[in-house]
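Step one of this worksheet: look at the structure below.
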Amino acid sequence: MKIAIISDIHANFPALRSFHEDWDELWVIGDLVNYGPNPCEVVDWVRTHAHCVVRGNHDHAIGFSVDPRCSPPYRAMAAETGAFTDNVLSADAKRYLERLPLTIERRLGEHTFYLCHATPSDPLFGYLDKDASRWDSEVASTGAKIVVTGHTHVPLIRGVGDQTLINHGSIGQPKTGTPDACYAIWEDGRLELRPYVYPVAETESHIRMMPISDPVKADLIRTLETGGLSAKEAV
């Protein structure tokens, strides 16, 4: 069994379109929308291809018309692109985001998985750095062998006793200090992080055409080019 795991696409369709992988199942760990220029295309693609999808804070914000609770450097970007997303997405697409589950538990043979966007105790908004000691109790609370999270856009694979925590990074807005997208593969008990290059300039050209302010356009483009305003900023 081969599972491809992606998340934090953030309406970056050129990055998603450049994701070339074969799989038996595709899991999407939230944040399909906001920040990027192509929310309609991304939602349609995920609805067509994914086997498991959990709701991220930006999906929640669009589905329920609420604040995604971003950290200060990202609030203006989230507010302006959120208004754009709300305007261009169909009512059906918004209902899809609203109805996504907060968590999913899966069993594949002897392997148990717990999927959530942020943290098990706060699946939408919880934020922990990759080295935070609290991950130990968060992972233990699930009882799953493998806990899959997103949200920080920072990839990691970390052992917690006999359990494993994985964050596969971000497809659409990496925060690793490089513009490369990242995802994970689980295959027959083995986990692997896989970065890849996508046409950042194409996404940037689409951002320049968005009906948002020039300062926000500049911040969005800088974030893509540099791999994040800060790898430790919450999303």
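The values are calculated or read from the model by the stated rules, or taken from the named source; none is laboratory data. Just so you know, these numbers come straight off a predicted model, no measurement behind them. We place every Cβ from the backbone using ideal geometry, glycine too, and count neighbours over all the protein chains shown.
Points worth noting:
- Spans of helices (runs of 4 or more DSSP H) in the stretch 27-115 with at least 1 residues surrounded by fewer than 17 Cβ atoms within 10 Å (Cβ to Cβ) and in contact (Cβ under 8 Å) with a residue 60 or more places away in the chain: 72-88
- Test: residue in the stretch 139-146 that is in contact with a strand residue (DSSP E or B) (Cβ under 6 Å, 6 or more places away or on another chain), of a type in the set (A, V, I, L, M, F, W, C), surrounded by 14 or more Cβ atoms within 10 Å (Cβ to Cβ) and assigned to a helix (DSSP H, G or I): yes
- Residues of the stretch 186-204 satisfying the condition of being closer than 19 Å to residue 35 by Cβ and of a type in the set (A, V, I, L, M, F, W, C): 200, 201
- Per-region count, the stretch 178-204, residues in contact with a helix residue (DSSP H, G or I) (Cβ under 7 Å, 6 or more places away or on another chain), small (Gly, Ala, Ser) and not in a strand (DSSP E or B): 0
- Set 154, 160, 147: member being among the aliphatic types (A, V, I, L, M) and touching a residue at least 40 places away in the same chain (Cβ under 8 Å): 154
- Some residue of the stretch 116-138 being under 18 Å from residue 182 (Cβ atoms) and at pLDDT 95 or above: yes
- Restricting 151, 117, 168 to residues that are within 30 Å of residue 200 (Cα to Cα) and touching a strand residue (DSSP E or B) at 6+ places or on another chain (Cβ under 6 Å) narrows the list to 168.
- The number of residues in the stretch 174-194 being within 19 Å of residue 224 (Cβ to Cβ) and surrounded by fewer than 14 Cβ atoms within 10 Å (Cβ to Cβ) comes to 1.
- Taking the criterion of being farther than 28 Å from residue 4 by Cα and of a type in the set (D, E, K, R), the only residue of the stretch 47-68 that qualifies is 67.
- The stretch 128-151, residues that are on the phi < 0 side of the Ramachandran plot and under 13 Å from the mean Cα position of the chain (by Cα): 148, 149, 150
- You will find that of 212, 207, 171, the residue that is among the aliphatic types (A, V, I, L, M) and not in a loop (DSSP other than H, G, I, E, B) is 207 and no other.
- Scanning the stretch 1-19 for residues being among the hydrophobic types (A, V, I, L, M, F, W, C), more than 25 Å from residue 74 (Cα to Cα) and part of a loop (DSSP other than H, G, I, E, B) gives a total of 2.
- Per-region count, the stretch 140-173, residues hydrophobic (A, V, I, L, M, F, W, C), farther than 22 Å from residue 226 by Cα and in contact with a Ser or Thr (Cβ under 8 Å, 6 or more places away or on another chain): 6
- Conditions (1) out of contact with any helix residue (DSSP H, G or I) (no Cβ under 7 Å at 6 or more places or on another chain); (2) at pLDDT below 95; (3) within 19 Å of residue 210 (Cβ to Cβ); number of the one not met by residue 72: (3)
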